[in-house]
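In what follows, a structure is listed as structure tokens, so that the remarks can point back to it.
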Amino acid sequence: MHSLSRRHFFQGATAALSATRVMGANDKVNMGLVGLGGRGMNHLDSYIAIPGAHVAGLCDVNQAARERAQSRLAKAGAEKGAEFIDMREMFSGNKVDAVSIATPNHWHALATIWACQAGKDVYCEKPASHNIHEAWRMIEVARQTKRMVQIGSQSRSTPHKMKAIQQMKDGLIGPLFMAKGLCFKRRRSIGKTPPQPVPAGINWDLFLGPAPMREFTKNRFAYNWHWFWDTGNGDIGNQGIHEMDLCRWGLGDIGLPKAISSTGGKFVYDDDQETPNTQMATFGYGAKEIMFEVRGLLTGPEGGNPIGTYGVGNLYFGSEGWAWLDERGFQAYKGEKSEKFIDQKNEGGNTTVMHMENFLSACRSRNHSDLHADIEIGATSVILVHMANISYRTGRNLTWDAVKKNFGSDAAANKLITRDYRKPYVV
């Protein structure tokens with residue numbers, strides 16, 4: 001492992017902070033990419049497509065992933081990126097102005113915090129954090145260091161969704177009292193994979209980072225890390241965080257709930273997965289409510305999802321009607337007979353590219369309120385995900401104390417606000 005002492009790193013961070021360059025309107029932003037798996041390669045392709053970005057650094061614990069990224073750059077006619085195994089080495093130099101993070105969830109907070117402290121702006125994939133404590137810490141550090149931190153909730157930069165939310169805000173179906181997020185994404189069994197020696201070219205210690213040391217298994221690596229509590233947050237924190245954010249946004253960027261309840265289970269399959277494949281959650285705000293449902297097993301259509309059998313999207317309920325919003329478009333229905341009076345289609349375009357262009361624009365303006373999904377937005381939405389998972393894992397209804405920022409006297413629930421970090425990877 002490439003190691004940097006904490007003292008050495010923070011000396012570098014302080015120097016980097018003072019040396020942060022001021023970008024002109026036409027300057028290309030030198031991007032350093034951390035995590036080059038499936039989503040990381042989407043990041044790479046997106047920055048290649050954006051004239052205002054230049055991919056300068058590539059960081060991944062897996063040599064094969066770095067090689068794939070280099071060949072993608074070469075194919076696009078771009079120059080090679082500087083390679084790093086340990087993100088701290090990339091952050092400590094001046095090769096990159098900003099960082100794009102597409103690591104597993106358990107690394108999001110620490111990577112963002114380290115990058116901010118080293119004077120880099122950050123685009124971090126959703127979900128913002130792996131737990132509640134990290135969400136708050138990310139906001140705090142972003143503000144202290146005056147860094148731009150955008151969370152990858154690209155719905156916030158998707159034209160038809162922006163228009164739909166604005167229309168509902170303007171009273172399209174009357175005042176809203178409930179939003180329901182649906183995450184009916186088919187997930188097949190991951191089976192069981194036994195422990196094995198760490199494959200050549202993978203730094204397993206760095207992959208695990210803040211998580212406990214475990215033996216290497218194929219299911220704990222690549223995509224299936226989503227389904228283990230050490231590294232992921234289940235589908236409510238994977239696909240579901242997009243719809244959770246849209247629930248909050250539709251209700252006027254409503255904050256944290258008073259009452260939380262979540263039940264469910266991992267049904268049907270006998271495999272390595274720890275997180276539920278079926279989950280129901282409710283969040284009580286008094287005069288308003290959010291409901292959320294995860295269903296990875298076979299299911300039928302619901303709400304405004306007439307095409308196919310799976311629904312990933314949002315239902316909104318107002319005093320005068322209801323609406324359905326998803327990737328395909330937006331439909332609104334009014335009155336006792338539920339008559340459709342709005343049917344808007346997705347206007348097309350690469351929403352990840354649009355969201356990244358918004359990020360790069362804020363990197364130039366130095367105003368975090370220009371970001372469509374500033375860290376405060378992303379962190380607040382993901383706290384609802386964490387609250388649902390804590391209710392599910394403790395097996396009981398929870399009450400949030402907004403003053404103490406905890407679940408009152410519920411010690412088991414309060415313990416899950418943070419995690420036991422593996423040194424030196426401590427948030």
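Summary table
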{"item": "Cβ crowding within 10 Å averaged over residues, with 395-405, 265-275 ranked highest first", "result": "265-275, 395-405"}
{"item": "For region 231-335, size of Cβ-based charge dipole, Lys and Arg +1, Asp and Glu -1, in debye", "result": "420"}
{"item": "Gaussian network model of the chain, springs between alpha carbon atoms under 10 Å - residue of ALA109, ALA411, ALA64 with greatest fluctuation", "result": "ALA411"}
{"item": "Global geometry of region 278-424, whether rounded, prolate or oblate, following the gyration tensor of its Cα atoms and the 1.5 cut on a/c", "result": "oblate"}
{"item": "Links that overshoot a 25 Å alpha carbon limit, given the list LYS288/LYS334; LYS126/LYS405; LYS126/LYS185; LYS161/LYS405; LYS126/LYS180", "result": "LYS161/LYS405"}
{"item": "Counting DSSP beta bridges with both ends in the chain, the antiparallel % (nearest 5)", "result": "60"}
{"item": "Partner lysines for LYS404 [C-alpha distance under 21 Å; skip if fewer than 8 residues away on the same chain]", "result": "LYS258, LYS415"}
{"item": "Residue of GLY286, GLY296, GLY174 that the Gaussian network model of the chain assigns the largest fluctuation, springs spanning Cα pairs under 10 Å", "result": "GLY286"}
{"item": "Crossing angle, helix 108-117 versus the chain [Cα axis fit, 0-90 degrees, rounded to tens]", "result": "50"}
{"item": "Amide H within-cut-off set for VAL99, under 5 Å, with H built and near neighbours excluded", "result": "GLY32, ASP121, VAL122, TYR123"}
{"item": "Karplus 3J(HN,Hα) series, Hz, for region 317-334 with 6.51 cos²θ - 1.76 cosθ + 1.60 (x for Gly, Pro)", "result": "10, x, 5, 10, x, 9, 9, 10, 10, 8, 4, 7, x, 9, 10, 10, 10, 10"}
{"item": "Listed peptides 127-133, 364-370, 157-163 by packing density, highest first (mean Cβ within 10 Å)", "result": "127-133, 157-163, 364-370"}
{"item": "In degrees, nearest ten, helix 63-75 long axis to first principal axis of the chain (Cα)", "result": "90"}
{"item": "HN-Hα J in Hz across region 227-240 - Karplus 6.51, -1.76, 1.60, θ = phi - 60°, x for Gly and Pro", "result": "9, 10, 5, 4, 10, x, 9, x, 6, 5, x, 9, 5, x"}
{"item": "Cβ charges +1 (Lys, Arg) and -1 (Asp, Glu), total dipole of region 81-198, debye", "result": "640"}
{"item": "With Cα atoms, 0 to 90° folded angle of helix 375-394 axis to the chain main axis", "result": "70"}
{"item": "Those lysines that a straight Cα-Cα span of less than 23 Å connects to LYS120, excepting residues fewer than 8 apart in one chain", "result": "LYS28, LYS80, LYS95, LYS146"}
{"item": "Lys, Arg +1 and Asp, Glu -1 on Cβ, resulting dipole of the chain about Cα centre, debye, nearest 20", "result": "480"}
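No value in this document is a laboratory result; all are computed from the given coordinates. A quick note: this is a predicted structure, and the numbers were derived from the prediction, not measured. So basically every Cβ, Gly included, is an ideal-geometry build from the backbone, and we count neighbours across all protein chains shown.
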